[in-house]
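S.K.: My questions will all concern the structure given below.
The values are calculated or read from the model by the stated rules, or taken from the named source; none is laboratory data. Because the structure is predicted, anything quoted here is derived from the model rather than measured. Glycine gets a Cβ as well: all are built from the backbone with ideal geometry, and neighbour counts include every protein chain shown. Surface accessibility is based on the protein's heavy atoms, side chains included, excluding ligands, DNA and RNA. Shrake-Rupley method; radii C 1.70, N 1.55, O 1.52, S 1.80 Å.
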Amino acid sequence: MTKPRKGQHMSVLEDILEEEYERSARLIRLMEEEIASLPKGSVRTRRIGSRDYYYLNYREGDKVRSEYIQISEVEEVRGKIARRKELQVALKEQRTSQRQIERALGRRLRNE
């Protein structure tokens with residue numbers, strides 16, 4: 001077994017950190033794509049007469065939009081909204097991880 005030269009350990013560590021950064025960048029792209037496909041906002045119930053009606057409320061620019069949801073789709077929409085929120089938390093964690101890798105390497109990496 002040959003003894004590593006001075007600085008060779010850092011090169012291996014840098015390679016590992018750069019690979020992790022690339023893996024993180026791929027994850028971020030996938031999460032952003034999935035987030036874009038999921039509904040944003042919240043489900044609201046309106047009682048009209050003796051019946052409940054469900055609406056997806058979300059912001060579009062400075063306006064609040066409201067879309068009717070059939071009762072058979074309410075739980076599915078709530079699940080998608082919950083998934084979007086989970087992904088947003090995970091996305092924030094991935095971006096934090098990327099910043100930590102950049103600090104450890106002492107340089108900014110290209111995020112493709």
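S.K.: Anything in segment 53-74 that is surrounded by 11 or more Cβ atoms within 10 Å (Cβ to Cβ) and not β-branched (Val, Ile, Thr)? List them, or say none.
M.R.: Listed by number, the residues that qualify are Tyr53, Tyr54, Tyr55, Leu56, Asn57, Tyr58, Arg65, Ser66, Glu67, Glu73.
S.K.: I'd like to verify a number: residues in segment 101-112 that are touching a Lys or Arg at 6+ places or on another chain (Cβ under 9 Å) and open to solvent by less than 100 Å² (accessible area, probe 1.4 Å), how many?
M.R.: The number of residues fulfilling the criteria is 1.
S.K.: Output the residue which, of all residues in segment 75-100 that are hydrophobic (A, V, I, L, M, F, W, C) and surrounded by fewer than 16 Cβ atoms within 10 Å (Cβ to Cβ), is nearest to Ser24 (Cα to Cα).
M.R.: Checked segment 75-100; the qualifying residue nearest to Ser24 (Cα to Cα) is Ala90.
S.K.: May I pose another question? Mind checking which residues of segment 25-52 are closer than 27 Å to Lys92 by Cβ and open to solvent by less than 70 Å² (accessible area, probe 1.4 Å)?
M.R.: The answer is Ala25, Leu27, Ile28, Met31, Glu34, Ile35, Leu38, Pro39, Gly41, Ser42, Val43.
S.K.: Tell me, yes or no, whether segment 85-96 has at least one residue that is within 30 Å of Leu13 (Cβ to Cβ), β-branched (Val, Ile, Thr) and in contact with a helix residue (DSSP H, G or I) (Cβ under 7 Å, 6 or more places away or on another chain).
M.R.: No, because not a single residue in segment 85-96 is within 30 Å of Leu13 (Cβ to Cβ), β-branched (Val, Ile, Thr) and in contact with a helix residue (DSSP H, G or I) (Cβ under 7 Å, 6 or more places away or on another chain).
Rundown of residues vs (1) within 18 Å of the chain's Cα centre (by Cα); (2) at pLDDT 95 or above; (3) of a type outside the set (S, T, N, Q); (4) assigned to a strand (DSSP E or B), yes/no style:
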| position | (1), (2), (3), (4) |
| --- | --- |
| Arg65 | no, yes, yes, yes |
| Ser72 | no, yes, no, no |
| Gln94 | yes, yes, no, no |
| Gln98 | yes, no, no, no |
| Ala104 | no, no, yes, no |
| Arg107 | no, no, yes, no |
